[in-house]
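Novice: Take a look at the following structure, please.
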Amino acid sequence: MSTDLEDDLSRVLGRAAEGAPQAPTGFPGRIVARSRRRRARTWTQALVAAVAMVIVGVTVRGTGGAQPAQTKLPDPVEAVWPDAVWKIPKQLPNLPDFRPVTFIDDRTVLLWTPKSDWRTDAVHAYDLGTGRTRKIADIPSTQQVHASYYTVGAGRIVWETIDEKEHTRFWSVPVSGGKAAAIDTGGPVKGRGEGLTVVGDRVAFSLVEGGVFTFPLRGGRVTPVAGAERHHILRWPWVGTPSEYTQSREPSFRELLNAETGQASRAVVRPGESYVRCGVTTCVGMRPDDTRFYRLRDGSGERDLPGSPVLGLGDDRFMAADPPGPAAGQVLLDLATGKQGDLGLRPDEGRMSGVEPGILHGGLVSYELNDQYVLIDLARIR
């Protein structure tokens, strides 16, 4: 390691420790429970590892030029992260058509089944250990009312419906199963809901039009979050503006606010940069010369990204990219450790946009591969 790189690592370490948002308190029950599976680590350690990593094919600015170009794909994701990857049949005996939604717990996945017009029919639990499914509940819906944004917390499945007047209502059912019931919030919310999450005994959500709100899980008044009138939920308690997908190439989530402590963060965006998408601690984007970058929100620790990445980081560290060199395929990169795994997708088989571990997609990455679904639990990757 060169002296310049050692000095660079030292600077990044100091800045990360001082400037990165602190670990949030009061995480939703689902996130807290799943975080226990992770090895104890800090954002500082992860980010220093990202700066120090040697991913074949990555160009590191200011450290002597490019590393050798990649000539072959890495090992499959299931070999690189065997404890975090599952393959399940695309058709199950009692479920000929379904979509994975999110994790209920360490070994159970929530599945969504459609009606003929693609409205939700029901939700089911799939046991990754036994391969068995059980129906949790039918989902009430009509041609004018659509259900979406399923989330899990406090022993319940929670979701929302939006009607033709763009009014949002909220529903829940026990994870153990039962009849879906509307949550009484004193009437529908005006606007299109998004970003639903369970926070202890409350539900938090944001609106596509902007604004963050909470209400009791068992029902009660909807309360706006102070100072978050234009914001959207990124990862509770962090809310930000603009939202993930912006017009005129505005940086997404450049402004962050901790809804519980009031801590604020503004990401550095340099002149001429475009498609900048920020998470809680990091940002990715494109420079004026069309090269891609990855760096901390304060602008430090900047590095080139390899290949032609799909912009957006899952859990502030995971991304899908087309590797450089003659090997054709798509890989999942862990920027915290430098590991990468072949997703198995090939150009002649079609790339699935759902493989992108975007900043809002939570811990589950799922995509179709031949006659199976590949499921990746980002929270289990160490």
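The values are calculated or read from the model by the stated rules, or taken from the named source; none is laboratory data. Just so it is clear, the model here is predicted, and its values are computed rather than measured. All Cβ positions, glycine included, derive from the backbone under ideal geometry; neighbour counts span all protein chains shown. The accessibility values were calculated without ligands, DNA or RNA, using every heavy atom of the protein model including side chains. Shrake-Rupley method; radii C 1.70, N 1.55, O 1.52, S 1.80 Å.
Novice: Quick one: length gained pulling residue 72 to residue 142 fully straight, 0.36 nm per residue minus the C-alpha distance?
Specialist: My answer for the length gained is 20.2 nm.
Novice: Related question: For segment 93-136, which whole percent of the accessible surface, found with a 1.4 angstrom probe, sits on carbon and sulfur atoms?
Specialist: Percent of accessible area from carbon and sulfur atoms in segment 93-136: 46.
Novice: Just to verify a number: FRET efficiency for residue 108 and residue 369, C-beta to C-beta distance, R0 = 25 Å, to 0.05?
Specialist: 0.70
Novice: How big is Rg to Rh over segment 124-176, alpha-carbon atoms, Rh as the Kirkwood inverse-mean-distance radius?
Specialist: Using Cα coordinates only, the ratio equals 1.06.
Novice: When you count, for each residue, the other Cβ atoms within 10 Å and take the mean per peptide, how do 179-186, 134-141 rank with the highest first?
Specialist: So the peptides 179-186, 134-141, ranked by packing, come out 134-141, 179-186.
Novice: When averaged across all projection directions, what area in nm² does the alpha-carbon convex hull of segment 178-279 cover?
Specialist: Result: a mean projected hull area of 7.5 nm².
Novice: So, one more: Just order 371-380, 90-99 by mean Cβ neighbour count inside 10 Å, highest at the front, would you?
Specialist: Final packing ranking: 371-380, 90-99.
Novice: Using a Förster distance of 30 Å, how high is the FRET efficiency between residue 273 and residue 192, based on the Cβ-Cβ distance and rounded to 0.05?
Specialist: 0.55
Novice: Round to the nearest 0.05 the FRET efficiency obtained for residue 95 and residue 181 when R0 = 35 Å and r is the Cβ-Cβ distance.
Specialist: Working from the Cβ atoms, E equals 0.90.
Novice: Here's a follow-up. Can you order the peptides 249-262, 286-299, 332-345 by their average number of other Cβ atoms within 10 Å per residue, highest first?
Specialist: 332-345, 249-262, 286-299
Novice: Moving to a separate point now. State the percentage of accessible surface on segment 222-263 attributable to carbon and sulfur atoms; use a 1.4 Å probe and exclude ligands, DNA and RNA.
Specialist: Roughly 48 percent, rounded to a whole number.
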